[in-house]
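These notes are about the structure you will find just below.
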Amino acid sequence: MSKLWGGRFAKNTDVMVEEFTSSISFDQRMYAEDIAGSIAHATMLAKCGIIANEEADTIIEGLKTILADIEAGNFSFEISLEDIHMNIEKRLTDRIGAVGGKLHTARSRNDQVALDTHMYLKHEIGAIGTLLQDLQQAIVEIAQKYQDVVMPGYTHLQRAQPILFSHHMMAYFSMLTRDFRRLKGVWEGTDILPLGAGALAGTTFPIDRHFVAQQLKFSQVYENSMDAVSDRDYILEFLSFASILMMHLSRISEEIILWSSTEFSFIELDDSHCTGSSIMPQKKNPDVAELVRGKTGRVFGHLMALLTTAKGLPLAYNKDLQEDKEGMFDTIDTLKFSLSVYASMLRAMKVNQKVMRAAVSNDFSNATDMADYLVKKGLPFRQAHEVVGKSVAYCLSANKWLMDLSLAEFKEFSPLFESDILEAIKVETCVDARNSYGGTSSTGVKQQFTVAQDILIKQ
Ligand code: ARG
């Protein structure tokens with residue numbers, strides 16, 4: 001296939017070089033954006049008197065037939081034509097004749113590829129936002145379904161204080177709310193039009209970039225042509241957002257995996273969301289959560305890869321930047337799949353209320369409340385801490401829990417204990433007493449539900 005840039009070359013490109021430098025195997029995903037961008041560009045060229053109206057019409061008609069062919073699967077992408085831009089342009093000229101060659105007036109592949117990735121990402125951000133919001137909704141649903149279930153809260157993975165399962169879940173809701181906020185910022189970064197920057201320095205033709213921006217629904221235009229074609233910070237922002245989101249999903253996955261183990265037995269994942277073992281007949285594995293935790297690694301990798309690719313590049317475009325796309329595409333696919341499968345897994349999951357409750361009964365996680373009881377009777381917190389620490393040590397040696405102590409035993413540790421101490425360190429009391437704003441009490445969690453509904457409507 002003859003090259004669109006073949007004029008100055010005396011030899012054909014080595015086939016290995018063709019294959020190595022081509023991006024068509026992956027950038028063909030952007031065919032719709034490439035064509036929409038070209039249609040807007042041709043419209044602008046005619047409006048500005050750079051090409052004739054009839055020429056623009058022929059070009060646009062030709063582009064539309066190419067779009068239809070690609071969508072019908074009747075288009076063969078050629079490696080020898082390197083990328084999506086030249087595959088489409090060459091086919092256009094084959095189809096409509098020499099006038100097709102006017103489309104690339106006042107344009108370079110450098111601003112064209114930047115346009116395509118801006119548009120592609122912008123579109124996918126909408127889809128990811130919808131899925132992210134649905135996952136938030138699934139979290140609220142599971143939290144509301146098991147609203148009053150008590151479980152141990154952990155620090156250092158040691159039982160710390162009793163909490164509501166719903167409070168634990170809503171912590172993830174809050175994290176995802178910030179992810180959503182970050183995603184909006186990523187969208188803003190994609191909402192800037194690079195087209196019209198030319199190869200790097202602008203163009204000698206009297207183009208109208210703002211007209212193109214309006215047609216393609218960009219609210220801003222890059223102010224500097226060299227910046228427009230050489231930076232990929234909008235993709236890096238996306239990969240950063242994606243990495244943080246995956247880090248959150250990886251943490252909840254870790255908990256899901258732990259909680260569904262026989263040792264914990266806090267939850268049971270639905271059979272439809274687990275897989276079996278080819279050798280051990282009894283196995284039911286939490287593969288979805290494990291894979292989401294595992295895929296976090298590749299998303300972090302894509303962020304590191306592009307940061308590293310971009311860090312040493314002199315302005316403006318360098319072919320290194322072609323490496324921006326595969327990681328971005330893979331991250332989009334990974335996020336969309338992970339978010340959807342996660343929401344359905346959470347919706348189908350069962351919470352083992354009894355086991356969670358038993359885990360807080362046979363435990364010292366009410367020790368802070370016992371100390372708080374003494375503080376409320378006037379003892380400084382540090383002394384109260386000491387008294388309760390001694391009581392715990394005593395219980396450990398006597399093989400008892402704090403709830404098993406008699407009033408006489410309590411009084412051995414401090415005369416401030418009265419008969420209401422048992423009520424004060426009951427698990428439900430401990431949970432509901434944490435009614436400070438943002439705390440685990442049932443009123444606190446209800447408050448979070450109200451805020452969450454509001455967020456889901458407004459965000
Ligand atoms: N396929 C190229 C990329 O993805 C398009 C831009 C090529 N520009 C160039 N001057 N070779 O970056």
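The values are calculated or read from the model by the stated rules, or taken from the named source; none is laboratory data. Quantities reported herein were computed from a predicted structural model and do not represent experimental measurements. Positions of Cβ are backbone-derived with ideal geometry, glycine not excepted, and every protein chain shown enters the neighbour counts.
List of remarks:
- N362 vs. criteria under 17 Å from L164 (Cα atoms) and surrounded by 13 or more Cβ atoms within 10 Å (Cβ to Cβ): no
- Against the conditions (1) among the small types (G, A, S); (2) over 25 Å from the mean Cα position of the chain (by Cα); (3) assigned by TED's automatic domain parsing to the domain that holds Q322; (4) more than 16 Å from the ligand (Cβ to nearest atom), A213 satisfies every one except (3).
- For region 93-106, the count of residues that are part of a loop (DSSP other than H, G, I, E, B), more than 16 Å from the ligand (Cβ to nearest atom) and touching a residue at least 60 places away in the same chain (Cβ under 8 Å) is nonzero.
- Hits in region 366-393 (condition: touching a residue at least 40 places away in the same chain (Cβ under 8 Å) and among the polar types (S, T, N, Q)): N366, T368
- Residue check for T117: without any contact (Cβ under 8 Å) to a residue 60 or more places away in the chain and in contact with a helix residue (DSSP H, G or I) (Cβ under 7 Å, 6 or more places away or on another chain): no
- Residues in region 55-100 that are surrounded by fewer than 17 Cβ atoms within 10 Å (Cβ to Cβ) and either closer than 17 Å to G37 by Cα or among the acidic types (D, E) (or both): D57, E61, K64, T65, A68, D69, E71, E78, D94.
- Qualifying residue in region 23-35 (condition: farther than 17 Å from L195 by Cβ, of a type in the set (A, V, I, L, M, F, W, C) and loosely packed, with under 14 Cβ neighbours inside 10 Å): no
- Filter result for Q144 (surrounded by fewer than 19 Cβ atoms within 10 Å (Cβ to Cβ) and not assigned by TED's automatic domain parsing to the domain that holds T21): yes
- Residue in region 107-116 that is in contact with a Ser or Thr (Cβ under 7 Å, 6 or more places away or on another chain), within 14 Å of the ligand (Cβ to nearest atom), part of a helix (DSSP H, G or I) and farther than 21 Å from N12 by Cα present: no
- The residue of region 299-331 that is farthest from the ligand (Cβ to nearest atom), among those that are closer than 14 Å to L121 by Cβ and out of contact with any Leu (no Cβ under 8 Å at 6 or more places or on another chain), is D330.
Residues are listed down the side, and each one gets a yes or a no for (1) under 23 Å from F241 (Cβ atoms); (2) among the hydrophobic types (A, V, I, L, M, F, W, C); (3) exposed (fewer than 14 other Cβ atoms within 10 Å of the Cβ); (4) out of contact with any strand residue (DSSP E or B) (no Cβ under 7 Å at 6 or more places or on another chain):
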| site | (1), (2), (3), (4) |
| --- | --- |
| I257 | no, yes, no, yes |
| E263 | no, no, yes, yes |
| D271 | no, no, yes, yes |
| Q282 | no, no, yes, yes |
| G294 | yes, no, yes, yes |
| L306 | yes, yes, no, yes |
| K311 | yes, no, yes, yes |
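- Scan of region 320-344 for residues that are surrounded by 22 or more Cβ atoms within 10 Å (Cβ to Cβ) and either under 11 Å from I128 (Cβ atoms) or touching a strand residue (DSSP E or B) at 6+ places or on another chain (Cβ under 9 Å) (or both), ordered by number: T331, L335, S338, L339
- Within region 1-48, considering residues that are among the hydrophobic types (A, V, I, L, M, F, W, C), under 14 Å from S80 (Cβ atoms) and in a loop (DSSP other than H, G, I, E, B), the one farthest from the ligand (Cβ to nearest atom): M1
- Pairs, first within 14 Å of S361 (Cβ to Cβ) in region 394-406, second of a type in the set (V, I, T), C-beta under 7 Å, six or more apart: L402/I425; M403/I425
- Any hit, region 106-129, residues being at positive phi, out of contact with any Lys or Arg (no Cβ under 8 Å at 6 or more places or on another chain), of a type in the set (A, V, I, L, M, F, W, C) and buried (at least 20 other Cβ atoms within 10 Å of the Cβ): yes
- Residues considered: S278, S272. Of these, the only one that is of a type in the set (S, T, Y) and either in contact with an Asp or Glu (Cβ under 7 Å, 6 or more places away or on another chain) or not in a helix (DSSP H, G or I) (or both) is S278.
- Listed by first and then second residue, the pairs linking a residue in region 53-67 that is at pLDDT 95 or above to a residue that is not in a helix (DSSP H, G or I), with Cβ atoms under 6 Å apart and 6 or more places separating them unless they lie on different chains, are I59/L103.
- Region 258-300: number of residues that are free of Cβ contacts under 8 Å to residues at least 12 places away in the same chain and small (G, A, S): 6
- Residue pairs whose Cβ atoms lie under 6 Å apart, sitting 6 or more positions apart in sequence or on different chains, and linking a residue in region 35-52 that is not assigned by TED's automatic domain parsing to the domain that holds I66 to a partner that is of a type in the set (G, A, S) and assigned to a helix (DSSP H, G or I), do not occur here.
- Test set (1) surrounded by 17 or more Cβ atoms within 10 Å (Cβ to Cβ); (2) within 16 Å of the ligand (Cβ to nearest atom); (3) not in a helix (DSSP H, G or I) - A228 fails condition number: (3)
- Helices (runs of 4 or more DSSP H) contained in region 383-459 and holding at least 2 residues under 30 Å from T130 (Cα atoms) and of a type in the set (S, T, Y): 442-458
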